[in-house]
1. Give me the extension gain from residue 233 to residue 25: residue separation times 0.36 nm, minus the current Cα-Cα distance, reported in nm with one decimal.
2. Heavy atoms only, 1.4 Å probe, whole protein assembly: order 133, 11, 233, 16 by accessible area, highest first.
3. Stretched out fully, how many nm does the piece from residue 270 to residue 252 gain, at 0.36 nm a residue minus the Cα gap?
4. Among the listed pairs 368/406; 41/93; 360/380; 93/192; 223/245; 74/261, which have their C-alpha atoms separated by more than 19 angstrom in this model?
5. Given H placed on each backbone N at 1.01 Å, which residues far from residue 69 in sequence or on other chains put an amide H within less than 5 Å of it?
6. Once label points are set 7 Å from the Cα along Cα→Cβ at both residue 244 and residue 366, what is their separation, rounded to one decimal in nm?
7. Evaluate E = 1/(1 + (r/R0)^6) for residue 421 and residue 127, where r is the Cβ-Cβ distance and R0 equals 41 Å; express this FRET efficiency to the nearest 0.05.
8. Through the Karplus equation 6.51 cos²θ - 1.76 cosθ + 1.60, θ set to phi - 60°, convert the phi angles of region 244-256 into ³J(HN,Hα) values in whole Hz; use x for Gly and Pro.
Amino acid sequence: MEERRTILMERYEIGRHLGQGNFAKVYYARNLTSGQGVAIKMIDKDKVSRVGLMVQIKREISIMRLVRHPNVLKLFEVMASKSKIYFVLEYAKGGELFNKITKGKLSEDVARRYFHQLIGAVDYCHSRGVYHRDLKPENLLLDESENLKVSDFDLSALAESRRQDGLLHTTCGTPAYVAPEVLSRRGYDGAKADIWSCGVILFVLVAGYLPFHDTNLIEMYRKISRAEYRCPRPFSVELKDLLYKMLDPDPSTRASVSRIKRSSWYRKPIEVNALKIKHETRDKVYKGEATTSGLTECSNSEGNQASSSLTNLNAFDIISLSTGFDLSNLFEEKYCRREERFTTRQPAETIFAKLNELAKRLKLKIKKKENGVLKLAAPKEGMKGFLELDAEVFELAPSLLLVELKKTNGDTIEYRQLMKDEIRPALNDVVWAWQGDSHPQPEQSMQGEQQQQSPLPSQKPQD
Ligand code: AMP
């Protein structure tokens, strides 16, 4: 019997089901042109019915484009139809890292190799002002060469903003990997919170069970807040010492990435045979199975259907919560775009000073600056009235801003010409990366890595 093929957007042939998240299904797919295997995360907007948060989503997608590291899962492109949104992701053939531990704990040498990759990814993202804040087993995938791929990096900031909005009523399923200061909902440093989670992950890899585990959730919180755990006897002294520094309940004295890298356990050479995973007998719990009433389980284990309660939302989930959010018009051709965006690591004052200077040079009128928006207008009437631009700055992360230059009046071709000939070249020294095009990325250089272009949104939906 002839098999029916499912083709998505005339570009991908959909294959087997890989997994299920809170609001999304993940499928294997093959790019029909290149033959490349990818994973497609499909979000069904009808399944969920909440609104809002569009701006955060677009910012998050912009961030996702910035993160290009061999150990961070790549987002190739975003596609959309009226009812669904599709994220085309790098395919992690090896599945979840923690499936390995179900077969038995890892030797310290094998764990070290994964840990190096995890710390490499974390360090890279932190250097770009991007924090995970929710590192846990489901987010650690492996490719076919057993290389670690951290997924959903940079998405939890979004979940956090929902919490601050009061829209998120429960904390994510298991607190097992979460730093004490995050659980206590004090303000926290994203970098230090990630280090804590990396410490828990390292413990689990080598022990085969969680450091903080109790069937009573309150008791588990108490153990976490006091960092009450015991290392199994076979742990080396060097490993115990590193864990002690990482699982420090005080974030101000907790090890930094550079201190981790200087530790003697980390610096031990990685043996070639560590590439082959050796399994010892499995001990006990390795995932957040301690979840009890009061919290919602967020595990992606088989058969776990999309939870109806709002739990651990990430960008994918939140997109699906926005009923009015249709990404289809984000994929317009470049020539009809009426806005440009770039990220910068300069402070907002520098950006506005630069724009003021530019306006003077181009004889643009500075109309007003209201609610953080600078309005610029051409002195002479053009083909379709006076060309006008709004410049707006958004904070993506403490050291990363997104600047949007949007045409609000006048002719698009005139605007694009002005952008190309005058504005872009003048801003190059403050730009970290222009979003969504193939222009050279001025300030950003990544050794040995190709700048990957994906047809991601650089265009807001027309309002
Ligand atoms: P998520 O919604 O991202 O938590 O994904 C649900 C599950 O789908 C994960 O736990 C993985 O088992 C699987 N999965 C997600 N993304 C990928 C990928 N890029 N490659 C392979 N499997 C994936």
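1. Fully extending the segment from residue 233 to residue 25 adds 70.8 nm.
2. Details: 133 65, 11 95, 233 215, 16 130 Å².
So, going from the largest accessible area down, we get 233, 16, 11, 133.
3. Stretched fully, the residue 270-residue 252 segment lengthens by 3.5 nm.
4. On the way: 368/406 15 Å; 41/93 15 Å; 360/380 14 Å; 93/192 30 Å; 223/245 16 Å; 74/261 25 Å.
Over 19 Å Cα-Cα: 93/192; 74/261.
5. Excluding prolines and chain starts, which carry no amide H, there are no hits.
6. 5.7 nm
7. Working: r = 33 Å, r/R0 = 0.81.
According to the calculation, E is roughly 0.80.
8. Result, rounded to whole Hz: 4, 6, 7, 8, 8, x, 8, x, 6, 9, 4, 4, 8.
The values are calculated or read from the model by the stated rules, or taken from the named source; none is laboratory data. As the structure is a computational prediction, the values presented were derived from the model and not from experiment. With ideal geometry, Cβ positions are generated from the backbone for all residues, glycine too; neighbour counts draw on all protein chains shown. Just the protein is used for accessible areas: all its heavy atoms, side chains included, with ligands, DNA and RNA removed. Shrake-Rupley method; radii C 1.70, N 1.55, O 1.52, S 1.80 Å.
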